[in-house]
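J.: Take a look at this one; I'll ask things after.
The values are calculated or read from the model by the stated rules, or taken from the named source; none is laboratory data. Remember, it's a predicted structure, so these values are computed and weren't measured experimentally. Note: ideal-geometry Cβ built from the backbone for every residue, glycine included; neighbour counts use all protein chains shown.
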Amino acid sequence: MALRVALADDNLIVREGIAQLLADEPEITVIASCSDLDSLYHAIEEHEPDVVVTDIRMPPTNTDEGIRVAARLRTTHPRVGVVVLSGYAHPGYVVALLDSGSEGRAYLLKERVHDRSQLRSAIEAVAAGGSMMDPKIIEPLVAPRRSGARSGLAELTPREREVLGLIAQGHSNAAIADSLVLTKRAVEKHINSIFIKLDLAGAEDVSKRVKATLVFLSETGATDASVMDGSASP
Amino acid sequence: MPALVGRYEAAGDGGPAARAAMAGVAAESRSGPATWQLVLLGMLGLLASVAVSVITARSDVLADPVANAVLRAVAVGSWVFAGLVTWRSKPASRLGPLFILNGVAFSATTLAASSEPGLFTAGRVVWAFYIVVQLYVVLAFPEGRLPDRASRAIVGIFAVGTAALWTPLLLGGGQLPAGGALVRCRGECPTNPVDALGLSSGAADLLSQLASTLLGLAVVAIAVVLARRLRSASPASSMTLAPSLAWLCVAALSFGAGALVRAWAGDATPGALVFSWIGTVAAVLFPYALLIGLVRGRLFSAAALRETLSELTRHRDAASVRDVLARALHDPTLGVVYWVPGVSSYVDAWGARVELDDVAAGRAVTEVSSRGRPVAAILHDPALDAAPGLMRSAGNAALLALENASFEAELRASIEELRVSRARIVAAGAAERRRLERELHDSAQNRLVGLQIRLRLAQERADHSAPEFAATLTSLGDQAEAAIEELRRIAHGISPSLLATRGLVEALRGETVHSGVPVQIEADELGLSTPEVETAVYLCCLESIQNAAKHAGRGARVTVRLRHEGDDLAFAVHDDGRGFDARTVEDGAGLTGIRDRIAAVGGRVDVASAPGRGVTVTGSVPWPPRARA
């Protein structure tokens with residue numbers, strides 16, 4: 001069965017363009033096309049789409065509606081995936097999007113949209129509960145650390161990979177301890193070890209988690225657009 | 001010689017009503033009496049005093065005629081004397097005439113010395129009236145009018161009550177109520193010639209007792225009101241009021257106590273007589289208490305002026321002028337505002353524009369001018385106006401210093417004006433940059449994205465039929481992508497959108513993710529502020545971080561701290577890198593720009609460094625919360 005997609009962008013040209021692109025995709029059906037936040041919410045209530053593809057900036061405030069939609073759907077419709085289309089390559093927006101967890105979330109730069117394989121991958125990834133971040137945003141973050149060989153991800157133990165997977169999904173230390181049946185202390189030890197191996201030990205605390213997530217996504221998610229769902233969940 | 005045009009100088013032409021009202025002081029425009037009028041009144045008073053004493057001493061009705069005569073003569077003379085002195089020194093106040101009226105009313109009570117029943121009764125009626133006037137005077141001191149509802153109520157109730165009790169007694173015949181030591185009869189008082197109602201002696205006694213009780217209660221109420229007034233009086237006015245109010249309390253208490261004893265123990269009991277005489281003597285001497293108060297007020301004025309002059313020879317700067325005046329005049333709330341002709345407005349000592357009406361609420365205003373040009377206005381306790389000429393003299397004494405301070409305030413006002421206009425320009429610039437940034441994203445970028453999609457669709461269609469054309473379309477698509485990237489770079493340089501949407505901390509955090517140097521951010525919950533303030537701090541921190549990334553050396557770490565300090569935001573960017581010698585290195589263009597930006601939003605920024613000690617950039621800006629859109 002085709003994936004049902006609600007589309008939102010206040011720019012008619014972009015909205016129609018995306019609709020045309022997706023019209024050629026047999027696995028995807030656009031069931032609603034909206035031009036602002038309110039009509040998007042209505043469409044979600046009415047059609048219960050599998051995936052929302054939304055512009056980051058729309059009326060009414062023209063600020064970060066797309067990220068707010070993602071945060072709100074996390075509680076109201078946890079099964080709906082969200083692809084945020086953005087003109088901003090700034091990692092800060094990715095950090096904001098991942099605030100409510102990376103599961104079922106994708107952040108795609110608008111200039112990628114014309115590449116239908118990228119758009120399709122993103123939609124399929126979030127529909128399956130996975131995530132995808134635009135490589136153009138992640139590359140500058142991890143590139144300097146790649147000068148040797150890999151980012152350090154390869155050095156992680158399987159348990160550390162599991163912990164990092166959960167961090168990437170936005171879980172707290174306590175939640176990670178619960179789901180892996182570890183003590184909080186042990187989780188902290190793993191996390192410290194992850195940070196050291198990824199060369200993040202000196203970074204600022206909040207962005208440390210996000211950076212670790214991005215490194216993780218850049219290699220397991222974005223590069224091959226594969227899905228990271230549940231690989232770490234029990 | 002500089003002239004001073006103040007409230008007092010204008011007092012003669014009747015013009016100050018508006019200004020006095022503005023200052024919260026009752027308008028007083030009555031002109032004073034001429035000297036010859038006062039002399040004439042004084043002579044009449046003396047005559048009345050002599051006549052009263054002679055008539056009283058020869059009375060065969062009143063008890064203790066000699067003592068009575070002396071006290072009556074002193075009372076009449078004192079009221080008239082105090083009235084003349086007050087009238088002369090405070091011609092605008094009706095206190096002087098009131099005192100004289102008191103003396104006149106008192107003289108008329110001497111009719112009660114007559115054994116002729118009609119005259120005696122008339123004298124007693126005037127006595128009752130005199131008591132009402134006396135209570136009015138006591139409560140109206142020193143303003144010359146009843147200042148509050150309590151005192152108006154006391155006088156009103158007492159006047160109505162007296163009339164209500166005396167009317168049946170006057171019509172009903174028999175004995176009139178007892179009236180204290182000065183109207184006590186030696187034997188039986190002459191009986192009331194009118195006897196229309198034929199009251200029983202029991203009923204008449206009851207009415208008399210009620211009249212005495214009413215007086216006693218009124219006096220106790222007055223004592224309470226006066227004590228309360230004295231407690232809340234400012235230093236300047238209590239200097240003038242204290243002796244008279246204290247004296248009044250003594251007189252009022254003994255008078256009241258006497259009246260109560262008389263009402264319940266009897267007219268001629270020793271207790272009643274003692275209280276009666278104490279109260280009488282005190283009441284008779286009351287005018288002198290007032291005069292002592294006036295003298296003390298003048299001594300206060302003299303001391304205040306002496307202090308003002310001697311202090312101002314030592315301090316002439318703006319900040320001291322206010323302090324010196326406040327100290328010398330014992331008015332800690334005293335304020336000075338300065339006239340700036342350029343903006344046709346008063347400004348405070350910091351150069352901020354003020355509306356005289358706003359700052360003068362509940363205060364008196366004394367304007368100080370030089371050569372007909374306003375210089376400053378002193379806002380002070382209205383009680384200081386009670387001392388005649390004090391504020392005018394103080395303003396005169398401080399004129400030179402006030403002029404200096406006024407220039408200083410004017411300078412500050414222009415600096416403030418400049419700061420405001422610079423802030424306006426910065427704010428307008430920030431708004432314009434944000435608008436541009438939005439335009440680039442919403443309009444230009446989206447158009448290119450739309451173009452890109454169409455090129456892609458066209459290219460897909462051409463793929464099989466015209467591969468070369470398809471390749472051209474692909475390359476056009478790549479150029480569109482490059483244009484989008486270019487546009488994004490430009491837009492971000494114009495105004496970082498993250499700052500507008502998610503605030504300072506998240507914007508910085510976003511930048512530090514790829515800053516090339518480890519950055520630790522420690523921040524309070526800052527909330528959003530105005531775009532120009534946020535942009536200034538953001539750019540300052542970013543510049544500092546970038547400098548650290550460039551110059552601090554390998555392995556250096558940066559810590560950014562952002563916290564509230566009162567209404568300000570304090571920020572600090574510290575790196576533990578190699579540092580530099582702050583004495584030999586001049587500010588680069590980047591830092592100068594940062595300083596300008598921070599200064600334009602009313603903040604400051606400092607850079608401290610030493611070789612091997614890293615670099616610390618600290619600063620603070622006012623942090624007004626952003627208005628909800």
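J.: Suppose the filter is surrounded by fewer than 22 Cβ atoms within 10 Å (Cβ to Cβ) and within 8 Å of chain A (Cβ to nearest Cβ); does residue B:478 pass it?
T.: no
J.: Follow-up. Would a scan of the stretch B:42-65 turn up a residue that is closer than 18 Å to residue B:145 by Cα, crowded, with 17+ Cβ neighbours inside 10 Å and at pLDDT 75 or above?
T.: Our first condition is that a residue be closer than 18 Å to residue B:145 by Cα; within the stretch B:42-65, this holds for none.
Scanning the stretch B:42-65, I find no residue that is closer than 18 Å to residue B:145 by Cα, crowded, with 17+ Cβ neighbours inside 10 Å and at pLDDT 75 or above, so the answer is no.
J.: Please go through the stretch B:93-140 and give me each residue that is surrounded by fewer than 22 Cβ atoms within 10 Å (Cβ to Cβ), closer than 28 Å to residue B:225 by Cα and among the polar types (S, T, N, Q), ordered by number.
T.: Of everything in the stretch B:93-140, just one residue is surrounded by fewer than 22 Cβ atoms within 10 Å (Cβ to Cβ), closer than 28 Å to residue B:225 by Cα and among the polar types (S, T, N, Q), namely B:134.
J.: Counting only residues that are within 14 Å of chain B (Cβ to nearest Cβ), give me the helices (runs of 4 or more DSSP H) lying completely in the stretch A:15-103 with at least 3 of them.
T.: Here the list reads A:65-76, A:91-98.
J.: Which one of B:543, B:525 is away from chain A (no Cβ under 12 Å) and either crowded, with 23+ Cβ neighbours inside 10 Å or free of Cβ contacts under 8 Å to residues at least 12 places away in the same chain (or both)? Give the steps one after another, and end with the answer.
T.: Details: B:543 fails: either crowded, with 23+ Cβ neighbours inside 10 Å or free of Cβ contacts under 8 Å to residues at least 12 places away in the same chain (or both).
The unique qualifying residue is B:525.
J.: Consider only pairs whose beta carbons are under 8 Å apart and that are at least six residues apart or on different chains; among these, list those whose first residue lies in the stretch B:113-131 and is among the hydroxyl-bearing types (Ser, Thr, Tyr) and whose second residue is in a helix (DSSP H, G or I).
T.: B:114/B:120; B:114/B:123; B:121/B:170; B:130/B:102; B:130/B:105; B:130/B:106; B:130/B:108; B:130/B:109
J.: Filter the stretch B:486-510 down to the residues that are more than 7 Å from chain A (Cβ to nearest Cβ) and charged (D, E, K, R), then identify the one that is farthest from residue B:444 (Cα to Cα).
T.: Out of the qualifying residues, it is B:489.
J.: In this structure, is residue B:412 under 14 Å from residue B:336 (Cβ atoms), buried (at least 17 other Cβ atoms within 10 Å of the Cβ) and among the charged types (D, E, K, R)?
T.: Spelling it out, residue B:412 is indeed under 14 Å from residue B:336 (Cβ atoms), buried (at least 17 other Cβ atoms within 10 Å of the Cβ) and among the charged types (D, E, K, R).
J.: On the basis of being more than 7 Å from chain A (Cβ to nearest Cβ) and not in a helix (DSSP H, G or I), does residue B:517 make the cut?
T.: Yes; evaluated as a whole, the condition is true for this residue.
J.: Hand me the list of helices (runs of 4 or more DSSP H) wholly inside the stretch B:413-514 holding 2 or more residues that are over 56 Å from the mean Cα position of the chain (by Cα) and touching a residue at least 40 places away in the same chain (Cβ under 8 Å).
T.: B:467-494
J.: Return the only residue of B:169, B:199, B:176 being part of a helix (DSSP H, G or I) and in contact (Cβ under 8 Å) with a residue 12 or more places away in the chain.
T.: Just one listed residue meets the conditions, B:169.
J.: Given the condition farther than 30 Å from residue B:230 by Cα and free of Cβ contacts under 8 Å to residues at least 40 places away in the same chain, answer yes or no: does some residue in the stretch B:377-400 qualify?
T.: Checked the stretch B:377-400: no residue is farther than 30 Å from residue B:230 by Cα and free of Cβ contacts under 8 Å to residues at least 40 places away in the same chain.
J.: Just to be sure I understand, how many residues within the stretch B:572-607 are in a loop (DSSP other than H, G, I, E, B), at pLDDT 80 or above and more than 24 Å from residue B:531 (Cα to Cα)?
T.: The initial filter retains those residues of the stretch B:572-607 that are in a loop (DSSP other than H, G, I, E, B), namely B:576-588, B:601-603.
Okay, now just the ones that are also at pLDDT 80 or above, so B:576-580, B:601-603.
This time we only want the ones that are more than 24 Å from residue B:531 (Cα to Cα), so: B:576-580.
Number satisfying all stated conditions: 5.
J.: Can you list the helices (runs of 4 or more DSSP H) lying wholly within the stretch B:266-374 that have 3 or more residues being buried (at least 16 other Cβ atoms within 10 Å of the Cβ)?
T.: B:270-314, B:318-328
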